[in-house]
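S.K.: This structure is in structure tokens; I'll ask about it shortly.
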Amino acid sequence: ARIIFGDNSFESIGKNISKMGKRVFVLSGWNQARLDPLFYELERAKEDHNVDLVGAFCVTSQPPTIDQVFDAVRRAYANKADVIVGYGGGSTLDAAKAVGA
């Protein structure tokens, strides 16, 4: 697992992801507007680093239920994700860590 945060973390996301894999699955909280900058950078990463967004999952309960985590695992596996990106608060990041395990 790798935790990336701070200044310029969005701008370097494509480069960092490409070191780990190519097929990205995003777990996020419920606020879609907060995702716009992330999706913008992932679109740039597709062009610059051959990184592909293969799916996304919204964590709707705090803390996430076991069923939500298993659903996210099934979706990530079905999409052959090799990189899991958690974007949001603590519950979302906890779910992303579980999906990536």
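S.K.: Could you pull out every residue, at least 5 positions away or on a different chain, whose amide H is within less than 5 Å of the one on Leu53? Hs are placed 1.01 Å off N in the peptide plane, and Pro or chain starts have none.
M.R.: Correct list: Val24.
S.K.: Among Phe25, Phe39, Phe57, which one shows the biggest mean-square fluctuation in a GNM of the chain, springs joining Cα atoms closer than 10 Å?
M.R.: In this elastic network of the chain, the residue with the biggest mean-square fluctuation among Phe25, Phe39, Phe57 is Phe39.
S.K.: Here is a further query. With viscosity set to 1.002 mPa s at 20 °C, what whole-number translational diffusion coefficient in µm²/s follows for segment 44-101 from Stokes-Einstein and a Kirkwood radius over Cα pairs? Intermediate values should be presented prior to the final figure.
M.R.: Values: Rh = 11.9 Å.
Using the Kirkwood radius from Cα pairs, D works out to 180 µm²/s.
S.K.: Here's a follow-up. Accessible area per residue for segment 5-62 in Å², computed with a 1.4 Å probe and the full protein assembly in place, what is it? Let's see the in-between values first.
M.R.: Details: 3510 Å² over 58 residues.
In whole numbers, segment 5-62 has 61 Å² accessible per residue.
S.K.: Let me ask something else about it. Alpha carbon centre of segment 1-63 versus segment 72-101: separation in Å?
M.R.: Each part reduced to its Cα centre gives a spacing of 11 Å.
S.K.: Separate question: Which of Ala1, Gly14, Ser91 sits closest to the plus end of the dipole of segment 1-92, meaning its Cα is farthest towards the positive end, when Lys and Arg get +1 and Asp and Glu get -1 on the C-beta?
M.R.: Ala1
S.K.: Next question. Just the accessible area for Asp36, please: 1.4 Å probe, Å², rounded to the nearest 10?
M.R.: 90
S.K.: Would you mind listing how long the chain runs along its three principal axes, going by Cα atoms, in whole Å with the largest first?
M.R.: 36, 27, 22
S.K.: Right, here's the next one. Considering only protein heavy atoms, what is the solvent-accessible area of Lys80 at a probe of 1.4 Å, reported in Å² to the nearest 10?
M.R.: Surface accessible to solvent at Lys80 totals approximately 150 Å².
S.K.: Let me ask another. Could you give the angle, 0 to 90 degrees to the nearest 10, between helix 66-78's Cα long axis and the longest principal axis of the Cα atoms of the chain?
M.R.: With both axes taken from Cα atoms, the answer is about 40 degrees.
S.K.: Now for a separate question. DSSP loop GluC sites (Glu not before Pro) in segment 1-87 with at most 13 other Cβ atoms within 10 Å of their Cβ, which ones?
M.R.: On the way: sites: Glu11, Glu41, Glu43, Glu47; in loops: Glu11.
When the GluC sites (Glu not before Pro) of segment 1-87 are filtered for loop state and at most 13 Cβ neighbours within 10 Å, Glu11 remain.
S.K.: Given Cα positions, please report Rg to Rh for segment 5-58, the hydrodynamic radius being the Kirkwood one.
M.R.: 0.94
S.K.: So how much accessible area does Ile13 have, in Å² to the nearest 10, using a 1.4 Å probe?
M.R.: Accessible area of Ile13: about 20 Å².
S.K.: Okay, next question. Find the Cα radius of gyration of segment 27-67, compare it with 2.2 N^0.38 Å by division, and give the number to two decimals. Intermediate values should be presented prior to the final figure.
M.R.: Numbers: Rg = 12.5 Å, N = 41, 2.2 N^0.38 = 9.0 Å.
It is 1.39.
S.K.: Next question. Tell me, what HN-Hα J-couplings in whole Hz come from the Karplus equation 6.51 cos²θ - 1.76 cosθ + 1.60 at θ = phi - 60° for each residue of segment 34-45, using x for Gly and Pro?
M.R.: Values per residue, Gly and Pro as x: 5, 7, 3, x, 5, 5, 4, 5, 5, 5, 5, 5 Hz.
The values are calculated or read from the model by the stated rules, or taken from the named source; none is laboratory data. From a predicted model like this one, the values you see are computed outputs, not experimental measurements. Cβ coordinates were reconstructed from backbone atoms using ideal geometry, including for glycine residues, and neighbour counts include every protein chain displayed. Please note that ligands, DNA and RNA were not included when accessible areas were found on the heavy atoms of the full protein model with its side chains. Shrake-Rupley method; radii C 1.70, N 1.55, O 1.52, S 1.80 Å.
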